[in-house]
Amino acid sequence: MSAVRFPLAEMPDLGPREKGRLLFAGPVDFVKGVVAMPGLPPADRLEVCFAGRSNVGKSSLINALTGRKTLARASNTPGRTQEINYFALGEQRYMVDLPGYGYAEAPLAVVEKWQALLRSYLQGRQTLRRAFVLVDTRHGIKAVDQEILSLLDKSAVTFQVVMTKADKVNAATREANIEQVQAALTKHPAAYPEIVITSSEKGEGIETLRAIIATLE
């Protein structure tokens, strides 16, 4: 029997976990919101970005990672925030919050402008080490997610799927949707071969994701 190509991330050893704890226990500051490439902060440190369709729980996950309830603002109107938001983890890392995609209410011109900025960012940011693509455990990968995955492939940006809201489904649905995501990822060469399962409410996977971010080089 062959090994699963996209296994679930296991709890890291104590060393990486402690490194992750220390990174996120330190200063976490909002740096700026960026609406055009010239506005990006200096590329003077490694950075990771978070992408996900609207209502996937991105703000909740960022707040859970940082232990700060209001760092990332959850919008009641999907697609309202059209900025690339930069957060500094001390002086070691930038954590980048990309606007939610798949929004139905944003005007077409706004969507097109945002997509152009996203492409420029992904293709032109040399310090970007990994994109974390958030997928709702209740739904698995949808057509709108495939668009960003294909863009990441074309941009040669390594991405790792983080499944959110794992506490919102029963065991059978969770298992079925994990298998659906694993199968979908086999078509994407830029996909990192490991999936992180998370619940912002229950804390599942938070330590693991902190450790992954802290140990990237």
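The values are calculated or read from the model by the stated rules, or taken from the named source; none is laboratory data. Being a predicted model, the structure only gives us computed values, none of them experimental. Heads up, the Cβs are rebuilt from the backbone with ideal geometry, glycines too, and the neighbour counts pull from every protein chain shown. The protein model used for the area step is the full one, side chains on, heavy atoms only, and it has no ligands, DNA or RNA in it. Shrake-Rupley method; radii C 1.70, N 1.55, O 1.52, S 1.80 Å.
Remarks
- Pairwise Cα distances in segment 96-146 exceed 17 Å for 47 percent of all pairs.
- Solvent-accessible ranking of MET163, MET11, MET37, largest area first, probe 1.4 Å: MET11, MET37, MET163
- Here Kirkwood radius over Cα pairs in Å was computed from the coordinates, and among [x] 17.5; [y] 20.5; [z] 19.0 the match is [x].
- In segment 10-53, the C-alpha radius of gyration followed by the widest Cα-Cα span (Dmax) gives 14.5, 40 angstrom.
- Here each label is just a point 7 Å from Cα along the line to Cβ, and for ARG129 and VAL110 those points are 3.4 nm apart.
- Gaussian network model of the chain, springs between alpha carbon atoms under 10 Å - residue of ALA176, ALA116, ALA191 with greatest fluctuation: ALA116
- Mean-position separation - Cα centroids, segment 123-145 and segment 148-217, in angstrom: 8
- Sparse-neighbour loop sites [trypsin sites (Lys or Arg not before Pro); segment 9-64; at most 16 other C-beta within 10 Å; DSSP]: ARG45
- Estimated from helical segments only, the mean residue ellipticity of the chain at 222 nm is -11000 deg cm²/dmol, where each DSSP H run of four or more residues counts as -39500 (n - 2.57).
- Computed on the Cα trace of segment 152-207, the radius of gyration divided by the Kirkwood hydrodynamic radius gives Rg/Rh = 1.02.
- Accessible area (Å², 1.4 Å probe, nearest 10) - ILE212: 20
- Convex hull volume of the C-alpha atoms in segment 132-177, normalised per residue: 63 Å³.
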